[in-house]
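A short write-up of the structure that comes next.
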Amino acid sequence: MVDGGEGANPEPPQPRPLNILWLIKGLGPGGAEQLLVSTAHVADRSRYRFSVAYLLNWKDTLVARLQAEDVSVHCLGVRRARDARWVFRLRRHLRSNEFDIVHVHSPLVAIFARLVILTLAKRPAVVSSEHNIWASYRFGTRVLNRLTFPLDNAHIAVSRQVLESLPAKYRPQVEVIVHGVDVEAIVAARDNRDAVRAEFGLRPEQVAVCTVANLRRAKGYPDLLAAAKTVIDEGHDVVFLAVGQGPLEAEIKAQHAELGLDDRFRLLGYRGDAIQILAASDIFALASLFEGYPIAVMEAMAAGLPIVATDAGGVPDAVHDGVDGFVVPRGDPQALAAALSKVISDPELRASMSQHAAGRGSEFSFAPAIEKTQQIYDRVAGLRGA
């Protein structure tokens with residue numbers, strides 16, 4: 001009988017958690033930023049310790065949510081990414097902390113982070129995520145990203161279209177991971193549909209078209225506003241609800257006023273309860289010119305909304321055209337308006353698309369994507385001997 005004395009075999013020591021630094025341009029309410037919150041919520045915290053460093057001191061919407069998930073947050077304290085002080089602050093931060101992996105979520109940030117890490121005596125592994133197609137990046141960013149890309153230990157693309165936009169020689173090294181959403185929370189939000197519709201003064205028969213997209217050029221708001229004007233002028237009993245904030249707010253509000261959309265197209269700004277608004281709506285619209293794999297489309301499908309969206313990025317992979325929505329050409333507000341009118345005016349089509357969208361949306365759980373990302377962390381840490 002073993003008594004636990006000197007001859008007993010000691011328990012093997014448990015490996016310490018990997019220290020992961022997420023590096024991102026800002027912590028506004030965008031898709032890449034929301035992904036960090038989801039990952040922190042679901043990831044195995046016995047295996048990973050997460051921190052975030054971000055550049056832009058005015059983009060801090062998600063700081064509190066990350067801290068609530070026990071994620072350490074460090075601001076590099078600049079107003080613009082071209083303010084080079086963040087590069088030196090990042091180097092100090094990396095030298096002061098023993099990170100095993102730096103996971104970068106911005107192409108511009110990745111370029112300089114890779115070069116900074118080269119200067120360190122003890123270098124963490126580097127993982128980069130491509131959240132948008134390369135054509136959406138500025139020329140200089142594309143060139144420098146191409147030159148520094150081989151310095152990474154692993155690469156992730158958020159959609160097949162993003163992968164195919166990369167230089168051909170790099171594609172075999174890149175893994176596609178579609179990030180996913182909190183399907184259970186979105187399905188549960190449907191229970192509040194009537195209450196949220198009442199909050200917005202929506203009548204039972206009134207069709208609500210929702211979009212969740214920040215006010216940036218890539219999101220195609222001028223096309224969406226023009227399409228909404230056409231749909232409203234056709235006489236449909238419809239209200240548009242737009243959730244988002246961003247640098248084009250003044251420009252978009254000016255176009256909104258010029259078109260005379262008034263309360264029929266409501267610019268709601270940032271809303272922490274975006275999934276509640278989705279669940280209260282009847283159709284989801286997205287007019288993007290560039291995308292990766294839009295989280296808002298996945299959330300809308302999980303909420304059972306028919307999708308009317310442009311063929312940007314991963315949208316054609318997510319939406320089965322004519323089944324759970326319509327996919328139309330980018331930059332064509334008339335095509336967008338025609339597809340919206342078709343879904344608005346046909347309740348049977350809307351109900352069928354809603355059913356198919358809900359079924360498709362149930363496949364978008366973020367758990368598998370997070371597990372795949374964890375496997376990448378384990379692999380690159382093993383290669384570096386962490």
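The values are calculated or read from the model by the stated rules, or taken from the named source; none is laboratory data. Computed from a predicted model, the values in this text were never measured in an experiment. Here the Cβ is made from the backbone with ideal geometry for all residues, glycine too, and neighbour counts use every protein chain on show. SASA here: full protein model, heavy atoms, side chains in, ligands and nucleic acids out. Shrake-Rupley method; radii C 1.70, N 1.55, O 1.52, S 1.80 Å.
Quick notes
- The phi-based Karplus calculation (6.51 cos²θ - 1.76 cosθ + 1.60; θ = phi - 60°) puts the 3J(HN,Hα) values of the stretch 202-212 at 8, 6, x, 7, 7, 8, 9, 9, 10, 10, 10 Hz, whole numbers, x for Gly and Pro.
- Solvent-accessible heavy-atom area per residue, rounded to whole Å², over the chain at 1.4 Å: 45
- Residues whose amide H falls under 5 Å from that of residue 52, counting only those 5 or more places apart or on a different chain, are 22, 72, 73, 74, with hydrogens built in the peptide plane.
- Packing-based order for 361-374, 246-259, 270-283, 341-354, using average beta carbon neighbours within 10 Å, highest first: 270-283, 361-374, 341-354, 246-259
- Excluding same-chain neighbours fewer than eight residues apart, the aspartates and glutamates reachable from residue 59 by a Cα-Cα span under 12 Å are 33.
- Options 247, 298, 383, ranked by Cα towards positive dipole end of the stretch 228-386, top entry (Cβ charges): 383
- In this Cβ point-charge picture (+1 for Lys and Arg, -1 for Asp and Glu), the chain has a dipole of about 2140 debye about its Cα centre.
- Quarter of the Cα convex hull surface for the stretch 65-129, i.e. its orientation-mean projected area (nm²): 4.9
- Cβ crowding within 10 Å averaged over residues, with 20-27, 328-335 ranked highest first: 20-27, 328-335
- Compactness index (Cα Rg / 2.2 N^0.38 Å), the stretch 53-191: 1.15
- Average silhouette area of the stretch 268-355, convex hull of alpha-carbon atoms, in square nanometres: 5.5
- Amide hydrogen proximity for residue 210: with H placed 1.01 Å from N in the peptide plane, the residues at 5 or more positions away or on another chain lying under 5 Å are 241, 282, 283, 284, 285.
- Of 168, 157, 113, the one that fluctuates the most in a GNM where the chain has Cα springs shorter than 10 Å: 168
- Computed magnitude of the charge dipole of the stretch 258-298 (debye, nearest 20; Cβ of K, R +1, Cβ of D, E -1): 100
- Distance between modelled label sites at residue 273 and residue 198, nm, 7 Å Cα→Cβ extension: 1.2
- Under Karplus coefficients 6.51, -1.76 and 1.60, residue-wise ³J(HN,Hα) of the stretch 171-179 in Hz, glycine/proline x: 4, x, 8, 9, 9, 7, 10, 7, 6
- The chain, accessible surface, carbon-and-sulfur percent (1.4 angstrom probe): 51
- Summing Cβ point charges (Lys, Arg +1; Asp, Glu -1) relative to the Cα centre of the stretch 249-386 gives a dipole of roughly 340 debye.
- Computing FRET efficiency as 1/(1 + (r/R0)^6) for residue 119 and residue 249, where r is the C-beta to C-beta distance and R0 is 41 Å, gives about 0.55.
- In order along the stretch 149-162, the Karplus-derived 3J(HN,Hα) couplings, from 6.51 cos²θ - 1.76 cosθ + 1.60 at θ = phi - 60°, round to 3, x, 6, 6, 8, 7, 9, 10, 10, 8, 7, 4, 5, 4 Hz, and Gly and Pro are given as x.
- Alpha-carbon centroids, the stretch 85-100 and the stretch 326-386: separation in whole Å: 36
- Overall dimensions of the stretch 127-238, expressed as equivalent-ellipsoid semi-axes from the Cα gyration tensor (√(5λ), whole Å, largest first), are 40, 20, 10.
- Note on the stretch 216-321: the alpha carbon radius of gyration divided by the globular reference 2.2 N^0.38 Å gives 1.03.
- Equivalent ellipsoid dimensions for the chain as semi-axes, Å, which come from the Cα gyration tensor, largest first: 40, 24, 19
- Within a straight-line Cα-Cα reach of under 21 Å, residue 229 can be paired with the following lysines, leaving aside sequence neighbours fewer than 8 residues apart in one chain: 219, 253, 342.
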